[in-house]
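Below: the structure, in structure tokens.
Computed from the coordinates by the stated procedures, all read-outs in this text should not be read as laboratory data. This is a predicted model, so every value here is computed, not measured. Don't worry about glycine lacking a Cβ; one is built from the backbone with ideal geometry, like all the others, and counts go over all protein chains shown.
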Amino acid sequence: MTGQTKIAIIFLFLLGFFTATRAMAAPGGQILYESDSIYHHITIRQEGMERCMIFGRQRDLRQTCLDLEKPDASVFEYTAMMFAGFLFRPEAKSVCLIGLGGGYIPTVFRMHLPQVRLHSVEVDPLVEKLAAKYFGFSVPAGQSLSIDDGRQFLKKSKGRYDQIWLDAFNSDYIPAHLATKEFLTLARSRLTDGGIVIQNLFCGNRLYDAQIATMRSVFAKVFVFEGQKSGSCIIVASDRPAADPEGLRKQAQRLGGRIGRIDLFAEIAKCRVTAAVKKAPILTDDYNPANLLLMQKN
Amino acid sequence: MPIVYAGFILLLVSFGAAVMSLEILSSNLMSPYFGGSIYIWGSIISSFMVHFSVGYVLGGWLSRRFPRISVLAAFLVVCSIWVLMIPVIYQPVCESISEHIADVRLGSLAAMNVIFLVPISIMAMVSPYIIGIIAAWQRQSGLTAGMILFISTVGSFAGTNATAFYLISLFPVSRIIIGVGVICLAVSLLVLLLRIDRRIRILGANNCS
């Protein structure tokens, strides 16, 4: 082999290597929008009929995905699980949602729960603009929206809610000040009698154990729905021992078994009355090693 | 002479570290009341810059007026006591400011200044004060102004990383602040005990005339 051939082979090899790594780094689909807000790096990407809002540079941290043909279909497992909250408070008249993302949850409320007053709270004004532009989000009659930090909003709010849904995420995880005992105590004080708090989170880390412990330090009853297809979990916390799985099934029957495309019976199967968690610290404003715990497997 | 240098280095490193440790911790104090946005960091950094400026001017001026380490150490004792009080005062301060000022940018800026103006300004006096003393001490010292700033910055580097990477994961914020306060107080008292002013001769400064 001549020197020139060797160089050519090495060159071709390197070229192939770089092309392969680039192809791996850039997943399929088309980027519709990419920019920075005061909080995150936001990307909106579409693949087929699925359009997603992504925070941060990690491509797998999708905040919201919407099926453009079926906007009320839950692309993520967790969003369907959150609607299981209606099995605990089926008669809920007012719900506060903290963390808007692309606005999938308000869309389901608009299409299938028009009798419920939904108040959404989103900290990032750009997220709301993008939700409107790319995800068909709008504030219909009966719903409202505040651009504010979730904790500040609840503190200033005089309203009481039957359900408070916590779905605020930044490009790392749940903002630390929205995961402490003090914050949950504030949320509890904004509930109507027998109201519930629903928290979306990931289960495969020690922070999850700490969040369950923190919830238990504030609420009398803590239920967990464990995702079967994803690493998502939902905590439903209440002061009233609301229901056992049998009671939930009855409620699901009363609601006709579905909310839109969400099959409530399938969600009940994921419910754990006593979540198995290891001993973990209670997160407070003073002691909140969330970053460390998030990195540790449970 | 080694004791003089040791005293200077101790002051520079520990207060350099304390300043940055408090800067990192202040975000944990602010976020429950003013949110966790970039605004908080804007308030924290800009407030500290203002406190540094106040401390630099004051430290430079005082060192010319009173070129004695004991005067600086007395200020540092006051500053350490203030730091020890932060875990007690920050909640009512942040609470009442966030109730009165709706804008989180203005609110966090006000809270940062109420809590940190006094201690951080005093901590920022350390480098210019020591530079002033060395200038008055004239050629007897091997330390240059650049070296003073270098030592203090090394302390700041250690304080930043130790707090952000380790301490915040291990201890409650209030306990870390108390730890910082105790170290500051101990260093200030130790430097007073070392009687550094007697060991350096500054013409016209240490006699009572």
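A few notes on this one:
- In nm, spacing of pseudo-spin labels at B:Ile101 and B:Arg175 (7 Å Cα→C-beta vector): 3.2 nm
- In this structure, the residue pairs whose Cα-Cα separation is over 19 Å, taken from A:Lys221/A:Lys279; A:Lys133/A:Lys156; A:Lys133/A:Lys229; A:Lys70/A:Lys250, are A:Lys133/A:Lys156; A:Lys133/A:Lys229; A:Lys70/A:Lys250.
- Rounded FRET efficiency, nearest 0.05, which uses the C-beta distance separating A:Asp172 from B:Val57 and R0 of 51 Å: 0.85
- Candidate lysines for bridging to A:Lys278, where Cα separation is under 17 Å - those fewer than 8 sequence places away on the same chain excluded: A:Lys297
- Karplus-derived 3J(HN,Hα), 6.51/-1.76/1.60, for each residue of the range B:8-25, Hz, glycine and proline x: 4, 5, 4, 4, 5, 5, 5, 6, x, 5, 4, 4, 6, 4, 5, 5, 5, 5
- Overall dimensions of the range A:77-295 as given by Cα atoms, namely Rg and Dmax in Å: 16.2, 45
- Less than 5 angstrom separates the built amide H of A:Tyr33 from those of A:Ile44, all sequence-distant by 5 or more or on a different chain.
- Averaging the sequence gap over all C-alpha pairs within less than 8 Å and six or more residues apart, then dividing by the number of residues, gives chain A a relative contact order of 16 percent.
- Of the trypsin sites (Lys or Arg not before Pro) found in the range A:206-298, those in coil by DSSP whose Cβ has at most 15 other Cβ atoms within 10 Å are A:Lys229, A:Arg261, A:Lys278, A:Lys279, A:Lys297.
- For chymotrypsin sites (Phe, Trp or Tyr not before Pro), no site in the range B:1-110 is both called loop by DSSP and has at most 13 other Cβ atoms within 10 Å.
- Hits among aspartates and glutamates - C-alpha to C-alpha of A:Lys155 under 19 Å, sequence gap 8 or more where chains match: A:Glu122, A:Asp124, A:Asp167, A:Glu182, A:Asp193, A:Asp285, A:Asp286, B:Glu95, B:Glu99, B:Asp103
- Alpha-carbon centroid distance for the pair the range B:96-161 / the range A:159-215, whole angstrom: 37 Å
- Taking amide H as placed 1.01 Å from N in the peptide plane, the amide H of A:Ile164 sits under 5 Å from that of A:Cys96, A:Ile196, A:Val197, A:Ile198, each at least 5 places away or on another chain.
- Exposure rule at most 11 other beta-carbon atoms within 10 Å, DSSP loop GluC sites (Glu not before Pro): chain A longest free segment: A:92-298
- Taking Cβ separations below 4.7 Å as the criterion for a possible disulfide partner, the isolated cysteines in chain A are A:Cys96, A:Cys271.
- The range A:110-238, relative contact order [Cα under 8 Å, separation at least 6], %: 20 percent
- Within chain B, longest stretch free of exposed trypsin sites (Lys or Arg not before Pro) [DSSP loop, at most 15 other beta carbons within 10 Å]: B:1-194
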